[in-house]
Amino acid sequence: QLSAAVNEANGKDTIEVDGGTLLNNETKQITIAGTEVTIRSSNETPFTIDMLQQDRVFEITGGASVTMSRLVITGGAAAAGTHGGGVSITGFSMLTTRHATIASNTANNGGAVYVNYGAFTTIDTTIASNTANNGNGGGVYVTNGTFNADNATIALNTVKGTFRYGGGVYVTNGSFNAINTTITSNTAINSANCGGVYVYTNGSFNAVNTTITTNTAHNQRGNCGGVYVRGGTFTATGTTIASNSAGFGSGVFVDNGTFTAVYATITLNTAIVGGGVYVTNGIFNAIHTTIATNTAIPDDNGDYGNGAGVFVNDGTFTATDSTLIASNTASNNGGGVYLCTSATFNANSITIQGNEAVIGSGGGIYWGAGTINTLTAAWSPKADQQDAFSVSVTGAITVPPDTEHPVQVTGNTAPNNPGTHQMRCE
């Protein structure tokens, strides 16, 4: 048994398991407490530890420092109401995995991994097909800890239950740092929200050269396919958020949080409201970012279909440094940008181009309420615009457009309301 070798470990011990070995004779979790241990395959072929749903696989606690390489952790099932089906890291412990797979585990929170007052660094590792049952974080749950992912894959994980969040990842009061990582095909079902990544109060997520794609919130009224920021912060640098689906805010949903996109791409996402981005009581900063080819579709009753690129309600959307909002399609209003209630749109060095409102108004912009500013100057006049226009540094809407101006709105269409091709104002 691997547990016997762990129990015999003394100091900086290394435990080698023959590559290709299947270990399935454990009857309870393997606990590593207060020691420094390396567990690895004897060769390039990984070994497998399968708990056969009898218990969690590993508990790492008491300040332990553990390295695992070339192994598969599977079949873990944390006891009812407990967390981390594959691995639980607590008590200021640290785990590093290399060339590992954590798959087909279940728990309340953190189907695969639970980090609470600890740190997990995962390199060339896959976390897949895990489930959080009536909890949060189908793949990973981080609270009061740190998760570092380098060239990792978090895929096909599921969160189930009413008002549950984060099919792939859930972070609160902790931090998640992802570089060259893929978060894909995770789901939120049974009235859960956010298929991909959920960042809650005082949580932070930093994604660099990362892809968040094909994540789904199955509930038609569910929020967020890709990223949901609620009271936390998310920074996406050189990152792509694509082909996600949800009811509201398919690519990114921001609620009382802050999302900053730098040289990022948000594309091919589909929702009934806010195909690319949905902001409510939060802040979204787009810096040299592309928001393109997103879609807002009607619900089963034929309603909604607004704000294909960006939907802002009681929040602030700031776009600068050659940001592009292009080729988004809303079945109803606001192909590029939809503003309502107390929305604020700060636009400088931005192009809104080639968007469409299919049956509604405002192919480029639907300005229902709120304010639009360029360099703190309010746009004027507030009026429907059929033809392409630009906006000067003083906020003056100019027709025909001046290519020297910092805002360009051009080539947008609203076929049923051509007087609002570029902008509709309430």
Of the residues that sit in region 278-298 and are among the hydrophobic types (A, V, I, L, M, F, W, C) and farther than 19 Å from residue 423 by Cα, which one is surrounded by the most Cβ atoms within 10 Å (Cβ to Cβ)? 279
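Tell me which strands (runs of 3 or more DSSP E) are completely within region 160-249 and hold 3 or more residues being buried (at least 24 other Cβ atoms within 10 Å of the Cβ) and either touching a residue at least 60 places away in the same chain (Cβ under 8 Å) or among the hydrophobic types (A, V, I, L, M, F, W, C) (or both), or say none if there are none.
Values: elements: 169-172, 175-179, 182-184, 187-189, 197-199, 204-208, 211-213, 227-230, 233-237, 240-242.
Answer list for region 160-249: 169-172, 197-199, 227-230.
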Are any of the residues in region 171-186 touching a Cys at 6+ places or on another chain (Cβ under 7 Å) and under 22 Å from residue 277 (Cβ atoms)? no
Would you check which residues across region 67-93 are crowded, with 22+ Cβ neighbours inside 10 Å and of a type in the set (A, V, I, L, M, F, W, C) and list them? 68, 71, 73, 77, 78, 87, 89
Here the qualifying pairs (Cβ atoms under 7 Å; residues six or more apart or on different chains; first in region 106-131 and in a strand (DSSP E or B) and modelled with pLDDT of 95 or more; second of a type in the set (Phe, Trp, Tyr) and surrounded by fewer than 20 Cβ atoms within 10 Å (Cβ to Cβ)) come out as 117/92; 118/92
Members of region 108-136 found to be surrounded by 23 or more Cβ atoms within 10 Å (Cβ to Cβ) and either over 15 Å from residue 192 (Cβ atoms) or acidic (Asp, Glu) (or both), listed by number: 112, 113, 114, 115, 118, 120, 122, 125, 127
When residues of region 330-387 are limited to those that are among the aromatic types (Phe, Trp, Tyr) and under 20 Å from residue 398 (Cα atoms), the one surrounded by the most Cβ atoms within 10 Å (Cβ to Cβ): 366
Could you please find all residues in region 250-260 being under 11 Å from the mean Cα position of the chain (by Cα) and assigned to a strand (DSSP E or B)? 252, 253, 254, 259
Filter result for residue 187 (at pLDDT below 95 and either of a type outside the set (Lys, Arg) or over 14 Å from residue 203 (Cα atoms) (or both)): no
Taking the conditions exactly as written (touching an Asp or Glu at 6+ places or on another chain (Cβ under 6 Å), crowded, with 16+ Cβ neighbours inside 10 Å and either in contact (Cβ under 8 Å) with a residue 24 or more places away in the chain or within 22 Å of residue 12 (Cα to Cα) (or both)), does residue 38 satisfy them or not? no
Under the condition of being part of a strand (DSSP E or B) and in contact with a Leu (Cβ under 9 Å, 6 or more places away or on another chain), which residue from region 87-101 is farthest from residue 43 (Cα to Cα)? 89
How many residues does region 42-78 hold that are of a type in the set (Gly, Ala, Ser) and either modelled with pLDDT under 95 or assigned to a strand (DSSP E or B) (or both)? 3
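Conditions (1) among the charged types (D, E, K, R); (2) over 17 Å from residue 271 (Cα atoms), marked per residue:
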site	(1), (2)
306	no, no
311	no, no
315	no, yes
321	yes, yes
325	no, no
348	no, yes
359	no, no
362	no, yes
376	no, yes
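Against the condition small (Gly, Ala, Ser) and either in contact (Cβ under 8 Å) with a residue 60 or more places away in the chain or under 24 Å from residue 140 (Cα atoms) (or both), how does residue 93 come out, does it pass?
Numbers: small (Gly, Ala, Ser): yes; either in contact (Cβ under 8 Å) with a residue 60 or more places away in the chain or under 24 Å from residue 140 (Cα atoms) (or both): yes.
The answer is yes for residue 93.
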Consider residue 24 carefully, then state whether it is farther than 20 Å from residue 10 by Cα, surrounded by fewer than 16 Cβ atoms within 10 Å (Cβ to Cβ) and touching a Gly at 6+ places or on another chain (Cβ under 8 Å). yes
Could you tell me whether residue 13 is of a type outside the set (Gly, Ala, Ser), loosely packed, with under 15 Cβ neighbours inside 10 Å and modelled with pLDDT under 95? yes
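Under 33 Å from the mean Cα position of the chain (by Cα) and either modelled with pLDDT of 95 or more or on the phi < 0 side of the Ramachandran plot (or both), is that true of residue 337? Quick ask: steps written out before the conclusion?
Details: under 33 Å from the mean Cα position of the chain (by Cα): yes; either modelled with pLDDT of 95 or more or on the phi < 0 side of the Ramachandran plot (or both): yes.
Here the answer is yes, as residue 337 does meet what is asked.
Being assigned to a loop (DSSP other than H, G, I, E, B) and at negative phi is the filter; apply it to region 299-328 and report the residue that is surrounded by the most Cβ atoms within 10 Å (Cβ to Cβ).
The initial filter retains those residues of region 299-328 that are assigned to a loop (DSSP other than H, G, I, E, B), namely 299-303, 305, 307-309, 314-315, 321-322, 327-328.
Going one step further and asking which of them are at negative phi, we end up with 299-301, 303, 308-309, 315, 328.
Values: 299: 14, 300: 7, 301: 7, 303: 12, 308: 37, 309: 34, 315: 25, 328: 33.
The residue in question is 308.
The values are calculated or read from the model by the stated rules, or taken from the named source; none is laboratory data. As the structure is a prediction and not an experimental result, all values here were calculated from the model. Glycine gets a Cβ as well: all are built from the backbone with ideal geometry, and neighbour counts include every protein chain shown.
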